[in-house]
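Note sheet for the following structure.
The values are calculated or read from the model by the stated rules, or taken from the named source; none is laboratory data. Being a predicted model, the structure only gives us computed values, none of them experimental. Cβ coordinates were reconstructed from backbone atoms using ideal geometry, including for glycine residues, and neighbour counts include every protein chain displayed.
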Amino acid sequence: MTIGHILEHTVWLDPIRPNGAVVFDCGANRGDFAEWACATLNAAVYSFEADPELAKHLPLLPRTVNRNWAVAGADGSMTFSRAPDRCTSAFFNGSSSDCFTIAARSLDSIQNEFGISHIDLLKLDIEGAEVGVLEKIPDSFLACVGQITCEFHDFLDASQTPQIKKILKRMQQSGFVVLKMSFWSYGDVLMVNRAFHPVTMRDLLVFHCDKYRRGTARTIKRFLGRFCCPTARLSAMKNHA
């Protein structure tokens, strides 16, 4: 069993088709995830990035389609704002004056435009818009998706948590196994469609062990960074004083 961790997204590699795989990269940024999918999965990748300043840097890769679109719950337009210390978002950075409006597309609309019958992997990292997208996503689209790796942004907006829980319950009712791979938030959630990938108890145990192994490693790293780094130790001593 092979589990991948790409840009803080957990992906189950084994069930992805070795030939003809299709990946939707929503929130593509500068294309790092798309590059990984092309190189590792030999996949056809559809990359969507709302910020035109980032979208213009998306790499021109074989079998890759790049679009400067926002992914949303419905077709239309969305207004985004930029901030120096955060990613571009339609939901955060409210005090920023650096704003722009861009075309928004729903996932099922995109699927219909490109005539795609099966999506092996859907990556969602769209800075708070994940909730609106998954709340409105039709069952017909979900039935075509093998797995979803999603970064919810409850760590920036805790008020989204009840909606996230409701979404994940619906995903389970739609035949997905929901795996919360992050400790303190829903920042890394993997959803696997049982219709394409039967998930055994052994698989669940492996995912569980992987989650706690990585979580423990991160905790130890933070601990060592704080107490073994002279600068951090000196800062801690000054703060204590």
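Couple of notes before you dig in:
- Residue check, T219 out of contact with any Asp or Glu (no Cβ under 7 Å at 6 or more places or on another chain) and modelled with pLDDT under 90: yes
- Every condition in (1) within 23 Å of M1 (Cβ to Cβ); (2) in contact with a Phe, Trp or Tyr (Cβ under 9 Å, 6 or more places away or on another chain); (3) part of a helix (DSSP H, G or I); (4) of a type in the set (A, V, I, L, M) holds for L204 except the one numbered (2).
- Residue list for region 1-41, restricted to those being polar (S, T, N, Q) and within 10 Å of the chain's Cα centre (by Cα): T10
- Hits in region 68-78 - residues which are under 17 Å from the mean Cα position of the chain (by Cα) and part of a strand (DSSP E or B): A70, V71, A72
- Residue satisfying condition, being at pLDDT 95 or above and either more than 26 Å from K211 (Cα to Cα) or not aromatic (F, W, Y) (or both), within set N29, N19, N66, N42: N66
- Qualifying residue in region 97-108 (condition: modelled with pLDDT of 95 or more, polar (S, T, N, Q) and part of a helix (DSSP H, G or I)): no
- Among the numbered conditions (1) of a type outside the set (F, W, Y); (2) within 14 Å of the chain's Cα centre (by Cα); (3) more than 25 Å from G4 (Cβ to Cβ), the only one that L179 does not meet is (3).
- For region 108-144, the tally of residues that are of a type in the set (D, E, K, R) and more than 21 Å from A44 (Cβ to Cβ) stands at 5.
- Residue match in region 124-144 (condition: surrounded by 14 or more Cβ atoms within 10 Å (Cβ to Cβ), touching a helix residue (DSSP H, G or I) at 6+ places or on another chain (Cβ under 6 Å), part of a strand (DSSP E or B) and touching a residue at least 40 places away in the same chain (Cβ under 8 Å)): yes
- Pick from region 157-196, criterion in contact (Cβ under 8 Å) with a residue 40 or more places away in the chain and surrounded by fewer than 16 Cβ atoms within 10 Å (Cβ to Cβ), ranking: nearest to V23 (Cα to Cα): A195
- Candidates are the residues of region 45-63 that are under 22 Å from G20 (Cβ atoms) and surrounded by fewer than 21 Cβ atoms within 10 Å (Cβ to Cβ); the one that is nearest to the chain's Cα centre (by Cα) is P59.
- Within region 115-126, being within 9 Å of the chain's Cα centre (by Cα) and more than 19 Å from I16 (Cα to Cα) holds for D125, I126.
- Top-ranked residue in region 174-194 [being at pLDDT 95 or above and among the small types (G, A, S); ranked as farthest from Q160 (Cα to Cα)]: G175
For (1) outside any loop (DSSP other than H, G, I, E, B); (2) among the hydrophobic types (A, V, I, L, M, F, W, C); (3) without any contact (Cβ under 8 Å) to a residue 24 or more places away in the chain, each residue gets a yes or a no:
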{"residue": "T10", "(1), (2), (3)": "yes, no, no"}
{"residue": "D25", "(1), (2), (3)": "yes, no, no"}
{"residue": "R30", "(1), (2), (3)": "no, no, no"}
{"residue": "E35", "(1), (2), (3)": "yes, no, no"}
{"residue": "A39", "(1), (2), (3)": "yes, yes, yes"}
{"residue": "Y46", "(1), (2), (3)": "yes, no, no"}
